[in-house]
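Below is one structure, written out as structure tokens, with a few remarks after it.
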Amino acid sequence: MKITHLDIYRFSIPMEPFVIATGTMDYAQNVFIRVHTDTNLYGVGECSAFPMIVGETQETCLAMAKDFAKIWKGKDALDIAARLQDLHNYSAHNPTIKSAFDMALYDLAAKNQDQPLYKYLGGLKRSIETDMTIGIGSPDEMALLAIKYKQQGASILKIKLGKKPATDIERIRKIREAVGNSMIIRIDANQGWTFDEACYCLNEMSKLDIEFCEQPMRTWYDDYLPELRKKTSIKIMADESCYTHHDARKLINSNACDLINIKFAKSGGIHESLEIHQIAHEFEVPCMIGSMLESRIALSANLHFAYACPNIKYFDLDTCLLGHLADPVVGGVTYQGFYLDIPDTPGIGADADEDFLKTCEMWRI
């Protein structure tokens, strides 16, 4: 199956401002691609640039996408490992835009076998419930939002923290008081605390029934994570500290985390994410599948991946519920409340809406 050309789109999705410890996003800085072949099949991929986390912007993703497209033209789309190695040979990093190209290949491979992606990957459907994320605001504002989500039927909250420690503790106290003991609360500091601040916050919050804490400190403090684990009863999940399966191996071998968050925008897509999952599975370290601000295209790929990976025990797949003001997708994942499902159509099962694409800047390579 030879790649003939690629279409690249500036896939910007307007959204309500979303605040985390390291910055604010006013729109989803996404890129959408279609990899066309000499058959009647094409593969779709999407990525969402989150510069304050991964360091890529929509502009850098678009620039690299044009170069990647030239590298792939005329080559076999079904040799996934070789095509991804082509990209790694050209660029050492850029995992976010690589994830869109990776996704398109897996979409093509599953379509070529006339299977939904999760079956192509050897998976089975299961019940998957997403958490609901609350961005950083005042303690009272966050508590009101927690009540709103509880009333809508959410049972799991993920709370963004990482600002002033005393205020962060107040945020969690207010939220726990507002929703009572029935809801699961997990927290994400997005690297916002120092070691001492993390110790203080986690020990204070240990009284508030916290399921786990994602990425309490900057990645350059990874060597402090084993000590932090000894000083708190709250489980630690590595997010920004884990991009590749080599990161996962080092974290696990140094006893630096209890859990690992897998995101395509960090790993470069499905191929490397499967490697991370395998390492974690071997060491009995549970994983979460997470996301940036993708549309239901990439979210559909996330769900297929989760179906295929039994060691993924936690699901942070609320990206489309976090204030997207447009849904530029046909087919794909659907929400029944906070539970996700997807039709058994070949490949990822989602595509971009043609009317929305007409409004997007496009390049054909």
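The values are calculated or read from the model by the stated rules, or taken from the named source; none is laboratory data. Predicted model, so just to flag it, every value in this text is computed and none were measured. Because the Cβ atoms are built from the backbone with ideal geometry, glycine has one as well, and the counts that use them run over all protein chains shown. These accessible areas exclude ligands, DNA and RNA; they are computed on the full protein's heavy atoms, side chains included. Shrake-Rupley method; radii C 1.70, N 1.55, O 1.52, S 1.80 Å.
Considering only the range 154-180, how many residues are of a type in the set (S, T, N, Q) and either crowded, with 17+ Cβ neighbours inside 10 Å or not in a helix (DSSP H, G or I) (or both)?
1
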**Request:** Could you list all residues from the range 67-87 that are open to solvent by 60 Å² or more (accessible area, probe 1.4 Å) and either of a type in the set (Asp, Glu) or within 17 Å of Thr4 (Cβ to Cβ) (or both)?
**Result:** Lys70, Lys73, Lys75, Asp76, Leu78, Asp79
**Request:** Only residues that are of a type in the set (Asp, Glu) and under 20 Å from Gly45 (Cβ atoms): list them for the range 270-297, please.
**Result:** Glu272, Glu275, Glu294
**Asked** Is it the case that some residue within the range 25-46 is at pLDDT below 95, touching a strand residue (DSSP E or B) at 6+ places or on another chain (Cβ under 7 Å), within 30 Å of Asp188 (Cα to Cα) and open to solvent by 50 Å² or more (accessible area, probe 1.4 Å)?
**Response** yes
**Message:** Can you find a residue that is in contact with a Lys or Arg (Cβ under 9 Å, 6 or more places away or on another chain) and under 24 Å from Ser233 (Cβ atoms) anywhere in the range 112-124?
**Reply:** no
**Message:** Conditions first: (1) out of contact with any His (no Cβ under 7 Å at 6 or more places or on another chain); (2) surrounded by fewer than 23 Cβ atoms within 10 Å (Cβ to Cβ). Glu275 passes all but one, so which condition is the exception?
**Reply:** (1)
**Message:** Testing Trp363 on (1) open to solvent by less than 10 Å² (accessible area, probe 1.4 Å); (2) in a strand (DSSP E or B), one condition comes back false. Which one is that?
**Reply:** (1)
**Prompt:** With Ala178, Ala198, Ala189, Ala166 as the choices, which residue is under 19 Å from the mean Cα position of the chain (by Cα) and of a type outside the set (S, T, N, Q)?
**Reply:** Ala189
**Fill in**
Quick count over the range 209-244, residues being among the hydroxyl-bearing types (Ser, Thr, Tyr) and closer than 27 Å to Val179 by Cα, is 2
**Request:** Those residues that are of a type in the set (Val, Ile, Thr) and crowded, with 17+ Cβ neighbours inside 10 Å, I need them from the range 47-59; list them, please.
**Result:** Ile53, Val54
**Request:** Report yes if some residue within the range 121-133 is part of a helix (DSSP H, G or I), open to solvent by 10 Å² or more (accessible area, probe 1.4 Å) and of a type in the set (D, E, K, R); otherwise report no.
**Result:** no
**Request:** Determine if the range 112-125 includes at least one residue that is among the acidic types (Asp, Glu) and within 30 Å of Met1 (Cα to Cα).
**Result:** yes
**Item:** Filtered residues of the range 278-306 (kept if assigned to a helix (DSSP H, G or I), open to solvent by 10 Å² or more (accessible area, probe 1.4 Å) and over 24 Å from Met15 (Cα atoms))
**Value:** Gln278, Ile279, His281, Glu282
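Within the range 103-120, can you find the residues that are in a helix (DSSP H, G or I) and open to solvent by less than 40 Å² (accessible area, probe 1.4 Å)?
Keep residues of the range 103-120 that are in a helix (DSSP H, G or I), which gives 103-112, 117-120.
Selection gives Met103, Ala104, Leu105, Tyr106, Asp107, Leu108, Ala109, Ala110, Leu117, Tyr118.
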**Prompt:** Quick one: Gln151 ticks every box in (1) within 19 Å of Phe315 (Cα to Cα); (2) open to solvent by 60 Å² or more (accessible area, probe 1.4 Å) bar one, so which box is it?
**Reply:** (1)
